[in-house]
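Undergrad: Below you will find the structure I want to go over with you.
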Amino acid sequence: MTLTTTTPGCPPMADREHTGGDVIRLIDTIFPSDANHHGTLFGGVALAHMDKVAFLAASRHGRAPFVTASSEKIDFAAPARIGELIEASARVVRVGTSSLGVTVELVAEDPISAERRLCTRGHFTLVAMKGEDSRLPLPPLPEDPAPVDEGTLRMVDIVFPQQTSHYGTLYGGDALKMMGKAAFVAATRRARASIVMASSDRIDFASQIRSGEMVELAARPLEVGRSSILIGVDLLAENLLTGERRHAATSRFTMVAVDREGRPQPIEGAKV
């Protein structure tokens with residue numbers, strides 16, 4: 001499957017190339033509504049994930065309002081199936097005066113076996129819209145990407161208007177949904193078993209999250225019992241134009257590994 005879109009008058013890319021900036025990741029679970037009659041992920045849904053994470057990577061780097069100008073040929077090498085995790089990771093690899101290139105990989109992951117398959121890879125060109133919010137030329141790529149905390153799962157998303165109240169801020173229920181998803185992914189990767197939520201502790205909301213802001217979820221195992229895992233989740237908001245970051249909410253979720261009959265099952269290596 002191939003996607004190609006163009007924007008007339010797209011500025012040419014300058015010759016500043018780099019191994020790449022920081023990687024950001026969007027992680028989701030494939031539900032039946034995202035799949036075709038073969039039980040595999042719709043190509044359009046996959047492309048939407050890729051374009052979204054490319055936009056977030058570009059916006060975080062350039063701190064400007066970006067639009068997608070084009071994408072190179074995208075070939076799907078492997079399917080992603082219902083029930084699997086899908087991870088779209090993006091990295092800015094090339095910067096011009098007002099445009100930049102983002103490489104995106106889409107990987108499917110079996111939540112139980114941990115098997116990972118590269119489904120597709122694509123290169124997106126995004127252009128900063130001219131205006132008072134755009135500071136041109138765009139900043140160069142950093143020499144040294146930020147260090148990665150291997151013990152913490154980090155995943156991003158963006159808040160759209162349909163997720164907000166009449167005040168223009170994220171609904172509490174949608175924030176809880178995001179945090180629960182992060183807890184599920186972190187617990188699944190730790191236990192490599194079917195995971196259900198048993199409980200959530202008190203959730204404290206420290207700051208509102210506005211439409212158009214990026215959210216970053218940081219989830220990590222705190223305690224591992226015989227069949228349960230306590231996951232701590234922090235929700236952070238980031239203004240994509242200014243770079244302002246705020247701690248928005250914190251919670252802890254108890255997740256339980258279950259067998260096919262829904263009964264608790266032991267987790268291998270109960271020590272975190």
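The values are calculated or read from the model by the stated rules, or taken from the named source; none is laboratory data. All values reported here derive from a predicted model rather than from experimental measurement. For neighbour counting, all protein chains shown are included, and Cβ atoms are generated from backbone atoms with ideal geometry for every residue, glycine included.
Undergrad: With the condition kept exactly as written, say whether any residue in region 140-149 is in contact (Cβ under 8 Å) with a residue 12 or more places away in the chain, over 30 Å from residue 224 (Cα atoms) and either polar (S, T, N, Q) or buried (at least 20 other Cβ atoms within 10 Å of the Cβ) (or both).
TA: yes
Undergrad: Could you check how many residues of region 104-156 are in a loop (DSSP other than H, G, I, E, B) and either of a type outside the set (A, V, I, L, M, F, W, C) or in contact with a Gly (Cβ under 8 Å, 6 or more places away or on another chain) (or both)?
TA: Total satisfying the criteria: 24.
Undergrad: Starting from region 242-253, keep only residues that are touching a residue at least 24 places away in the same chain (Cβ under 8 Å), then list their pairs with residues that are loosely packed, with under 13 Cβ neighbours inside 10 Å and in a strand (DSSP E or B) whose Cβ atoms are within a distance under 6 Å, requiring at least 6 positions of separation or different chains.
TA: These pairs meet every condition: 250/204.
Undergrad: For residue 194, are the conditions met, namely being touching a Gly at 6+ places or on another chain (Cβ under 9 Å), small (Gly, Ala, Ser) and at pLDDT 95 or above?
TA: Taking the combined requirement at face value, the residue satisfies it.
Undergrad: Shifting gears a bit: Going through 218, 186, 175 one at a time, which residue ends up being touching an Asp or Glu at 6+ places or on another chain (Cβ under 7 Å), closer than 23 Å to residue 57 by Cα, of a type outside the set (D, E, K, R) and at pLDDT 95 or above?
TA: One residue alone meets the criteria, 218.
Undergrad: Determine which member of the set 178, 155 is under 18 Å from the mean Cα position of the chain (by Cα), free of Cβ contacts under 8 Å to residues at least 60 places away in the same chain and under 23 Å from residue 66 (Cβ atoms).
TA: 178
Undergrad: I need the full set of residues from region 86-112 which are among the small types (Gly, Ala, Ser) and within 21 Å of residue 46 (Cβ to Cβ), in order please.
TA: Listed by number, the residues that qualify are 88, 89, 90, 101, 108.
Undergrad: Assuming residue 195 fulfils every condition listed in (1) surrounded by 21 or more Cβ atoms within 10 Å (Cβ to Cβ); (2) in contact with a Leu (Cβ under 9 Å, 6 or more places away or on another chain) apart from one, which condition is it?
TA: Exception for residue 195: condition (2).
Undergrad: For region 60-111, name all the residues that are closer than 30 Å to residue 257 by Cα and charged (D, E, K, R).
TA: If the condition is that a residue be closer than 30 Å to residue 257 by Cα and charged (D, E, K, R), then 81, 84, 87, 105, 109, 110 are the ones that fit.
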